[in-house]
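Participant: A single structure is presented below for examination.
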Amino acid sequence: MELIRRLHLMREAVRKARAEGKKIAFVPTMGALHDGHLALVRRARELGDIVVVSIFVNPEQFGPDEDYDTYPRDLARDTDLCVEEHVDFIFAPDPKEMYPDGFRTYVEVEGLSSILEGASRPGFFRGVCTAVLKLLSVVNPHFAFFGQKDMQQAVIVQTMVRDLNLNVEIVLCPTVRDDDGVALSSRNVRLNVSERVSAMALRRALERGRVLIEDQGVSSVEEVETKVRDVLGADESIKIDYFAVVDPVSLERPETIGGEVLLLLAVWIGQTRLIDNISACPEPPDEAE
Ligand code: AMP
């Protein structure tokens, strides 16, 4: 395993591997790795000959009042985990080389970037897309792996790849959860014991929505919204930022639920903001034939 910090060295390593006919599998992360990230790495290991994990806390995706400075960072531990997973390269570029003085080019996926997470975190997806495009340009992978945990991000990255004709296959990987149902997240370390119990309500609320749609045939978006919000509202330490039922491609709210939808939510628990999502389909695909 090799740690690379400079952009030109990363480019050169990939150029060599490609010249040998190797397939490059790339997992972009912000580090503080957990089993959710490692599930992406394992999938990458299956599909690629060379696995590159980037660890880059991207300043462009943090708002002025957000936690860029205090975002969890532990490169030594991340390195150990990557060694265990047989990662070939960690790419940990310096923000100053990624965004040198005079940097002024950004990528914006219009519409999709300004709703839901984008409405709560202006500039967030512009920062994500700019960094992902730059990382894809340097690492030049055949495959890039993203988690469904950040479903809006995955939809936006797929849209960017399609719109800009990027030559990479995006592979989505399912959300990894702890035994209590809480989706793994680098920010979970900030939850105290009672906040952690509150966090369990997220998946419970989403499951309630899924059962309404899949098992009880509820097609009214309002009804699902009300009942899911009721589950979250039962815990007074949860402040709902948004809960939405949306189309999985356009991310628009459907009039009624007639096909697959995503249930997306963001909440504050104390000082910690958590997101989660689940998909639901009134007629599960394998029973629809
Ligand atoms: P982050 O380091 O939070 O930017 O995440 C890097 C990648 O890991 C993104 O594609 C995330 O969607 C993915 N990821 C984060 N948490 C999970 C999880 N619990 N399950 C699956 N993928 C995840």
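Participant: Being touching a helix residue (DSSP H, G or I) at 6+ places or on another chain (Cβ under 9 Å), more than 21 Å from S279 (Cα to Cα) and surrounded by 21 or more Cβ atoms within 10 Å (Cβ to Cβ) narrows it down to one of L164, L135, so name that one.
Facilitator: L135
Participant: Read through the list (1) free of Cβ contacts under 8 Å to residues at least 24 places away in the same chain; (2) surrounded by 21 or more Cβ atoms within 10 Å (Cβ to Cβ); (3) not hydroxyl-bearing (S, T, Y), then give the number of the only condition that E117 fails.
Facilitator: (1)
Participant: Restricting to the stretch 1-46, what's the tally of residues that are more than 15 Å from the ligand (Cβ to nearest atom) and in a strand (DSSP E or B)?
Facilitator: Matching residues across the stretch 1-46 total 4.
Participant: Quick check: anything in the stretch 229-238 in the same structural domain as D276 (by TED's automatic domain parsing), touching a Leu at 6+ places or on another chain (Cβ under 6 Å) and part of a helix (DSSP H, G or I)?
Facilitator: Within the stretch 229-238, not a single residue is in the same structural domain as D276 (by TED's automatic domain parsing), touching a Leu at 6+ places or on another chain (Cβ under 6 Å) and part of a helix (DSSP H, G or I).
Participant: While we're on this one: From the list A199, A205, which residue is within 19 Å of the chain's Cα centre (by Cα) and either within 15 Å of the ligand (Cβ to nearest atom) or not in a strand (DSSP E or B) (or both)?
Facilitator: A199
Participant: Given the options E97, E85, E108, name the one that is within 16 Å of the ligand (Cβ to nearest atom) and among the acidic types (D, E).
Facilitator: Only one candidate passes the filter, namely E85.
Participant: Additional query: Kindly check whether there is at least one residue in the stretch 223-232 that is touching a residue at least 60 places away in the same chain (Cβ under 8 Å), closer than 27 Å to A39 by Cβ and in contact with a Phe, Trp or Tyr (Cβ under 7 Å, 6 or more places away or on another chain).
Facilitator: No, the stretch 223-232 contains no residue that is touching a residue at least 60 places away in the same chain (Cβ under 8 Å), closer than 27 Å to A39 by Cβ and in contact with a Phe, Trp or Tyr (Cβ under 7 Å, 6 or more places away or on another chain).
Participant: Residues to consider are R104, R177; find the one that is free of Cβ contacts under 8 Å to residues at least 40 places away in the same chain, over 19 Å from Q61 (Cβ atoms) and among the basic types (K, R).
Facilitator: Exactly one of R104, R177 is free of Cβ contacts under 8 Å to residues at least 40 places away in the same chain, over 19 Å from Q61 (Cβ atoms) and among the basic types (K, R), namely R177.
Participant: Then there is this: Going through the stretch 132-151 one residue at a time, which ones are more than 10 Å from the ligand (Cβ to nearest atom), within 16 Å of V53 (Cβ to Cβ) and small (G, A, S)?
Facilitator: Scanning the stretch 132-151 gives no hits.
Participant: Is it true that F145 is under 30 Å from I238 (Cβ atoms), in contact with a helix residue (DSSP H, G or I) (Cβ under 7 Å, 6 or more places away or on another chain), in the same structural domain as F26 (by TED's automatic domain parsing) and surrounded by 21 or more Cβ atoms within 10 Å (Cβ to Cβ)?
Facilitator: no
Participant: I'd like the residue in the stretch 47-66 that is more than 17 Å from the chain's Cα centre (by Cα) and not aliphatic (A, V, I, L, M) and, out of all such residues, is farthest from the ligand (Cβ to nearest atom).
Facilitator: D49
Participant: Identify the single condition in (1) within 23 Å of F124 (Cα to Cα); (2) within 16 Å of the ligand (Cβ to nearest atom) that Y242 does not satisfy, given that it satisfies every other one.
Facilitator: (2)
Participant: Quick check on my filter: what residues within the stretch 152-191 are near the ligand (Cβ under 8 Å from one of its atoms), modelled with pLDDT of 95 or more and part of a helix (DSSP H, G or I)?
Facilitator: Of everything in the stretch 152-191, those that are near the ligand (Cβ under 8 Å from one of its atoms), modelled with pLDDT of 95 or more and part of a helix (DSSP H, G or I) turn out to be Q153, A154.
Participant: OK, next. For the stretch 246-278, what are the residues that are on the phi > 0 side of the Ramachandran plot and buried (at least 16 other Cβ atoms within 10 Å of the Cβ)?
Facilitator: Once the filter is applied, which keeps residues that are on the phi > 0 side of the Ramachandran plot and buried (at least 16 other Cβ atoms within 10 Å of the Cβ), the stretch 246-278 yields only L251.
The values are calculated or read from the model by the stated rules, or taken from the named source; none is laboratory data. The structure presented is a predicted model; accordingly, all values stated were derived computationally and were not measured. Every residue, glycine among them, receives a Cβ derived from its backbone with ideal geometry; neighbour counts consider all protein chains shown.
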